[in-house]
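Colleague: Below you will find the structure I want to go over with you.
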Amino acid sequence: MAEKFAFTYEEKKRMAAQTAEILTEEIGLKGDAIEAVELIPEIEAGHMSIEEVEQTHSESVARILHGLNRIQQLYEKNPAVESENFRNLLLSFAEDMRVILIMIANRVNLMRTLLKSNKNGDPNTVYIGGSAAMEAVSQEAAYLYAPLAHKLGLYKLKSELEDLSLKYLEHEAYYHIREKLSATKSARDAYIERFIKPIEEKVKAAGIKCHIKGRTKSIHSIWQKMQKQKCPFEGVYDLFAIRIIIDCPQEQEKMQCWQAYSIVTDMYQPNPKRLRDWLSVPKSNGYESLHITVLGPEQKWVEVQIRTERMDEIAECGVAAHWRYKGVKGETGLDEWLTNIRTMLEHAEGLEAMDQFKMELYEDEVFVFTPKGDLYKFPVGATVLDFAYHIHSKIGNQCTGGRINGKVVPIRYVLKSGDQVEILTSANQKPRQEWLNIVKTSRAKSKIRLALKETQVKDGLFAKEMLERKFKNRKIEQDEATMFHVIKKMGFKEVSDFYKQIADGVLDTNTVIDKFLELKENEKTVTGDNIARSASEFELDESKIAGLNTPVNDDVLVIDRNLKGLDYQLAKCCSPIYGDEVFGFVTVNGGIKIHRCDCPNAPELRRRFGYRIVRAKWSGKGSSQYSIALRVIGTDDIGIVNNLTSIISKDEKLVLRSINIDSHDGLFSGTLVVMINDNTRLEALMKKLRTVRGVKQVDRI
């Protein structure tokens, strides 16, 4: 902006008059826009306020000045102007399109003035604002104002801005190219004439009405090609382009264009890789043309564009938005809107409508700054918390609020375009479930869900360790199988939910321990007798318990890489026996617990502690006996207990250790604990028990 330089009031007035002249002569703007430009020095000098302008002039003039003032405030935040986001924010902040046109004209005038006063752009000569300010102004012209002018179809001003910025930023390259162009101008003009003349004769001889013109590329465009192709000036073969514009009825357009193409390629060798057929299938923006590069006289490559008057008018007047196919990026809504403005600029009747034209862009987007001037885009409704997670997951997880334009706000503050956002954090802050209702972006939601899951796992481990300490303090030996039953009895479907409630303080550890002791007390050993009775009448007779002493275990488990003789324990949660597929789990104390591969806890152990899993397999003869619990469910009937126990008693190698049966509403559910050698014998026993009348289900616990 001009404010980077120390202009006097008189200089500002003179520059305002020059800007107004550019707006009138080169853009075609008039009325309130010109009036607003002439009032800028008065506003900046404090001679008038925008409110006074509205009273003494008009609301439209005041609106334009207000838009210019808002944009000046954006510049004070030191944004990165080369970003597409800043360009879009600039458009949304302007409110009135004339503000953008005034800024483009002002920048053209500023560049002309500075470089003229600065000895033709010599970077070694410092103007009023200093070389740093000159460099910033030149970069803004190249990155911001030239693309805007291009989008609006102001090609002459766009090329001038690019060339003027190059003149300062790449001083030597600019003059090198300019001198080369000057030295070759006469030869280039003569070459174009030699190239065009025979084509024109043959095309007209074929009955095609047309005119042909050649144009030299701008210095900035040539410099870009030299940079992209990494070649000297002489290596840029397409310094100019030839355009064949045919005048014919619309129904004959394709035929005559291809006819002209045939004539050109018959005369000059075409490069098939450089053929661009937007005639058969026009671009989505409506652009229609044939582009071909041919090898002309003196073995020079020349680009030839073939189109009709109608196609040329579309390409030049805005319907096709010429800037699109030149690679200048833009969004769909912006494309259509700028195209309409461009059409208005190029038709006299549209200029009057500019007085009433207001911007309605980016209703669904907001643009906000970081303290360093970086610019980010968010959907409308996004909050400080969205911004925090956009920067980094850790910042989002520890976010406690923000500082917007210097004022402290909560995490649920809704962002507005132009806000400068600074995030406040605390190491003690943790993500919460309700945060999912605060954020708007899917990115923030997914990061919060991930953080909540990680927090739940950590809290679960902490709760589990806390519960284990409580058991030790009360000198109670914790039993995994009973603990599993406690969790189920207390109504938890997931173990993680159980530990989460302990971590959150919802569930008291003493309540859990009391429930554990209660279940332990109820696990009494019983056996059946030879009297037929209902399950509801069954009572434990401890004097008849058989086989309380487990035989010495002479089976061998081979653990990990063929290691034998290691101390291990069989996990009570799944009670593995000889023949089961098993694995070893290294406990916190360093011992090894053996689990069945289908143990209910196996998936959780593998997921969370995969590094503590070791391989294990059975060896030996399977002569040891193991304690196994079976759950039996069925219809309560006289003699059901006797029938179950009699099957077990008939097998000499089976020992019944206990039986517990609950009966309710004609149904029973019982637990049998037996001593057995291996899983083959166990399967046979379960099969026999299922044959008992009234038994519906037999499962291994």
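The values are calculated or read from the model by the stated rules, or taken from the named source; none is laboratory data. Since this is a predicted model, take the numbers as computed values, not measurements. Here Cβ is always computed from backbone atoms with ideal geometry, including for glycine, and neighbour counts include all displayed protein chains. Note: accessible area is taken over every heavy atom of the protein model, side chains too, but ligands, DNA and RNA are not part of it. Shrake-Rupley method; radii C 1.70, N 1.55, O 1.52, S 1.80 Å.
Colleague: Only one of (1) farther than 30 Å from Asn589 by Cα; (2) out of contact with any helix residue (DSSP H, G or I) (no Cβ under 8 Å at 6 or more places or on another chain); (3) touching a residue at least 60 places away in the same chain (Cβ under 8 Å); (4) not charged (D, E, K, R) is not met by Ser417, so which one is it?
Modeller: Among (1) farther than 30 Å from Asn589 by Cα; (2) out of contact with any helix residue (DSSP H, G or I) (no Cβ under 8 Å at 6 or more places or on another chain); (3) touching a residue at least 60 places away in the same chain (Cβ under 8 Å); (4) not charged (D, E, K, R), Ser417 violates only (2).
Colleague: Can you work out which of the residues in segment 23-61 that are open to solvent by 70 Å² or more (accessible area, probe 1.4 Å) and not acidic (Asp, Glu) is nearest to the chain's Cα centre (by Cα)?
Modeller: Step by step, filter segment 23-61, then rank; the result is Lys30.
Colleague: Being at pLDDT below 80 and over 37 Å from the mean Cα position of the chain (by Cα) is the filter here, so list the residues in segment 218-239 that pass it. Step through it out loud before you land on a result.
Modeller: Quick first cut of segment 218-239, residues at pLDDT below 80 only: 229, 234-239.
Passing the criteria: Glu234, Gly235, Val236, Tyr237, Asp238, Leu239.
Colleague: Another question, if that's okay. Looking only at segment 264-279, how many residues end up being out of contact with any strand residue (DSSP E or B) (no Cβ under 7 Å at 6 or more places or on another chain) and either in contact (Cβ under 8 Å) with a residue 40 or more places away in the chain or more than 20 Å from Cys210 (Cβ to Cβ) (or both)?
Modeller: Adding up the residues that qualify gives 3.
Colleague: When the residues of segment 413-425 are filtered to those that are open to solvent by 50 Å² or more (accessible area, probe 1.4 Å) and in a loop (DSSP other than H, G, I, E, B), which remaining residue is modelled with the lowest pLDDT?
Modeller: It comes out as Lys416.
Colleague: Out of everything in segment 486-501 that is in contact (Cβ under 8 Å) with a residue 12 or more places away in the chain and over 40 Å from the mean Cα position of the chain (by Cα), what residue ends up being surrounded by the most Cβ atoms within 10 Å (Cβ to Cβ)?
Modeller: Val486
Colleague: Any residue at all in segment 680-694 that's open to solvent by less than 30 Å² (accessible area, probe 1.4 Å), in a strand (DSSP E or B) and of a type in the set (Gly, Ala, Ser)?
Modeller: No, segment 680-694 contains no residue that is open to solvent by less than 30 Å² (accessible area, probe 1.4 Å), in a strand (DSSP E or B) and of a type in the set (Gly, Ala, Ser).
Colleague: Whether any residue in segment 502-511 is modelled with pLDDT under 80 and hydroxyl-bearing (Ser, Thr, Tyr) is what I want to check.
Modeller: no
Residues are listed down the side, and each one gets a yes or a no for (1) touching a strand residue (DSSP E or B) at 6+ places or on another chain (Cβ under 9 Å); (2) over 30 Å from Asn589 (Cα atoms):
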position: Arg608; (1), (2): no, no
position: Arg612; (1), (2): yes, no
position: Asp637; (1), (2): yes, yes
position: Val641; (1), (2): yes, yes
position: Ser658; (1), (2): yes, yes
position: Ile661; (1), (2): yes, yes
position: Leu682; (1), (2): yes, yes
position: Val698; (1), (2): yes, yes
position: Ile701; (1), (2): yes, no
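Colleague: Considering only segment 437-483, state which residues are out of contact with any Phe, Trp or Tyr (no Cβ under 8 Å at 6 or more places or on another chain), among the polar types (S, T, N, Q) and open to solvent by 50 Å² or more (accessible area, probe 1.4 Å).
Modeller: The answer is Asn437, Ser442, Ser446, Gln456, Asn473.
Listed here are the residues, each with its yes/no results for (1) surrounded by 15 or more Cβ atoms within 10 Å (Cβ to Cβ); (2) under 20 Å from Thr293 (Cα atoms).
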{"residue": "Ser138", "(1), (2)": "yes, no"}
{"residue": "Ala141", "(1), (2)": "yes, no"}
{"residue": "Lys167", "(1), (2)": "yes, no"}
{"residue": "Tyr174", "(1), (2)": "yes, no"}
{"residue": "Ile177", "(1), (2)": "yes, no"}
{"residue": "Ile208", "(1), (2)": "yes, no"}
{"residue": "Lys213", "(1), (2)": "no, yes"}
{"residue": "Lys217", "(1), (2)": "yes, yes"}
{"residue": "Ser221", "(1), (2)": "yes, yes"}
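Colleague: Something else: On the given criteria, is Gly373 of a type outside the set (A, V, I, L, M) and modelled with pLDDT of 90 or more?
Modeller: For Gly373, the condition - of a type outside the set (A, V, I, L, M) and modelled with pLDDT of 90 or more - is not met.
Colleague: Tell me which residues, restricted to segment 617-642, are modelled with pLDDT of 75 or more and touching an Asp or Glu at 6+ places or on another chain (Cβ under 6 Å).
Modeller: Ser624, Arg631 - these are the residues of segment 617-642 that are modelled with pLDDT of 75 or more and touching an Asp or Glu at 6+ places or on another chain (Cβ under 6 Å).
Colleague: Also, quick follow-up: Give Ser619, Ser627 a once-over and let me know the one that is surrounded by 17 or more Cβ atoms within 10 Å (Cβ to Cβ) and polar (S, T, N, Q). Explain how you work it out, then say what you get.
Modeller: Working: Ser619 fails: surrounded by 17 or more Cβ atoms within 10 Å (Cβ to Cβ).
Criteria check complete, one pass: Ser627.
Colleague: With segment 240-353 as the region, which helices (runs of 4 or more DSSP H) entirely inside it contain at least 1 residues that are modelled with pLDDT of 55 or more?
Modeller: 253-267, 309-317, 332-345
Colleague: Hey, can you tell me all the residues within segment 360-409 that are on the phi > 0 side of the Ramachandran plot and in a strand (DSSP E or B)?
Modeller: Scanning segment 360-409 gives a single hit, Gly401.
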